[in-house]
Amino acid sequence: MSIARGVISELSRICKERCFTDPESLLLYGYDATGISRRPDAVVFPLNAEEVSDVLKLANSHAVPVTPRGRAQGSPGARSLSAAVW
């Protein structure tokens, strides 16, 4: 799944300079300690509850899967192979 450019633009509007789509960031955040990898379409770092809410509303309205990321240890098994936004 690849998300539309308009969604990426809206993510950038919500999270400003904390929305990443460059190849290096997508590679960096595309794997964890499990060794399983999946390149996301975007990586965002919301600063507060309002930004988290806005990102999730946007993702939901466009049927874009979201995977929260913690310390990337992979031990809880939260890794998704289909998520488009981290």
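The values are calculated or read from the model by the stated rules, or taken from the named source; none is laboratory data. Given the structure is predicted, the values throughout are model-derived calculations rather than measurements. Ideal geometry is used to build each Cβ from the backbone, glycine not excepted, and the neighbour counts take in all protein chains shown.
Observations, loosely collected:
- Residues satisfying the stated conditions in the stretch 9-36, i.e. closer than 17 Å to residue 55 by Cβ, surrounded by fewer than 15 Cβ atoms within 10 Å (Cβ to Cβ) and either over 12 Å from the mean Cα position of the chain (by Cα) or aliphatic (A, V, I, L, M) (or both): 9, 13, 16, 17
- Contacts under 6 angstrom Cβ, first residue in the stretch 16-27 being in contact (Cβ under 8 Å) with a residue 60 or more places away in the chain and at negative phi, partner hydroxyl-bearing (Ser, Thr, Tyr) and surrounded by 12 or more Cβ atoms within 10 Å (Cβ to Cβ), 6 or more apart: none
- The residues in the stretch 29-71 that are under 13 Å from residue 3 (Cα atoms), aliphatic (A, V, I, L, M) and out of contact with any helix residue (DSSP H, G or I) (no Cβ under 7 Å at 6 or more places or on another chain) can be counted, and the count is 2.
- Only one of the numbered conditions (1) modelled with pLDDT of 85 or more; (2) within 19 Å of residue 8 (Cα to Cα) is not met by residue 49, and that is (2).
- Residue match in the stretch 63-80 (condition: of a type in the set (D, E, K, R) and at pLDDT 95 or above): no
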